[in-house]
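Bear in mind that the values in this text are calculations on the coordinates, not laboratory data. Everything numeric here is computed off the predicted structure, so don't read it as measured data. Methodologically, a virtual Cβ is constructed for each residue, glycine included, from the backbone with ideal geometry; neighbour enumeration extends over all protein chains shown.
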């Protein structure tokens with residue numbers, strides 16, 4: 001049976017790149033994202049062209065039963081899930097308290113926290129039965145610092161971080177590794193930061209801070225860290241770490 005790496009939130013940045021890294025090591029990458037079927041197929045094709053195997057599927061994580069069905073179908077039809085990358089964003093943009101509707105606030109929680117709880121509920125018991133498994137959780141600076149206009153995002157990501165800690169307390173002694181990976185900086189990703197900034201501004205940012213400057217987080221290098229964490233010996237597991245470019249101040253150093 002194939003060992004499986006399930007990526008929930010498989011865009012062209014962190015998610016898709018981590019999926020490619022695991023596929024290069026012999027995992028079957030199951031890549032799930034909400035939209036852009038053409039982009040998803042490009043990721044699958046890239047993996048297959050490199051000699052790996054992958055499956056792509058469109059999944060709206062907020063829909064009732066969608067995550068649960070994805071996990072069940074993967075386990076039944078492809079193979080046991082050895083690694084899950086939970087990579088869903090929950091950013092609704094900077095909004096004042098008055099401009100943050102109840103629905104917008106709740107959407108952030110459903111994506112960042114409740115969806116992670118549903119993933120954990122669906123996959124961790126099976127990992128426990130097998131005595132192994134890793135849940136990698138991409139997070140953000142908002143998990144540890146609440147900035148103006150980030151009511152929904154900070155509350156949701158803070159909840160994500162605390163949920164990772166409670167999952168670790170329960171499942172680490174049972175052989176399941178949960179890692180909270182805090183992304184403290186801008187990622188050189190065209191379908192996240194690129195879309196937020198627009199093509200022209202994104203190109204300017206890359207010229208000023210990316211490429212030879214190494215001032216943006218590069219998904220291909222980030223993927224090596226994700227892969228390493230998933231293969232650590234249990235006597236030295238990483239449960240939380242920060243990733244940032246060398247030229248950025250750490251979240252705890254900002255004024």
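Overview of results
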| item | result |
| --- | --- |
| Mean shadow area of the chain over all directions, Cα convex hull, nm² | 14.0 nm² |
| GNM top mover of 233, 153, 177 - the chain, alpha-carbon springs below 10 Å | 233 |
| Sorted by Cβ density within 10 Å, fewest first, the residues 44, 176 | 44, 176 |
| Residues 122, 152, sorted so that the one with the fewest Cβ neighbours within 10 Å comes first | 122, 152 |
| Taking 57, 164 and counting other C-beta atoms within 10 Å, the order from fewest to most | 57, 164 |
| Cα-based Rg and Dmax for segment 148-255, where Dmax is the largest Cα-Cα distance (Å) | 16.3, 49 |
| Segments 197-205, 105-113, 240-248, 213-221 sorted - mean Cβ within 10 Å per residue, highest first | 105-113, 213-221, 240-248, 197-205 |
| Segment 1-137: antiparallel DSSP beta bridges as a percent of all, rounded to 5 | 0 percent |
| Where Rh is the Kirkwood radius over Cα pairs, Rg/Rh for segment 102-179 | 1.04 |
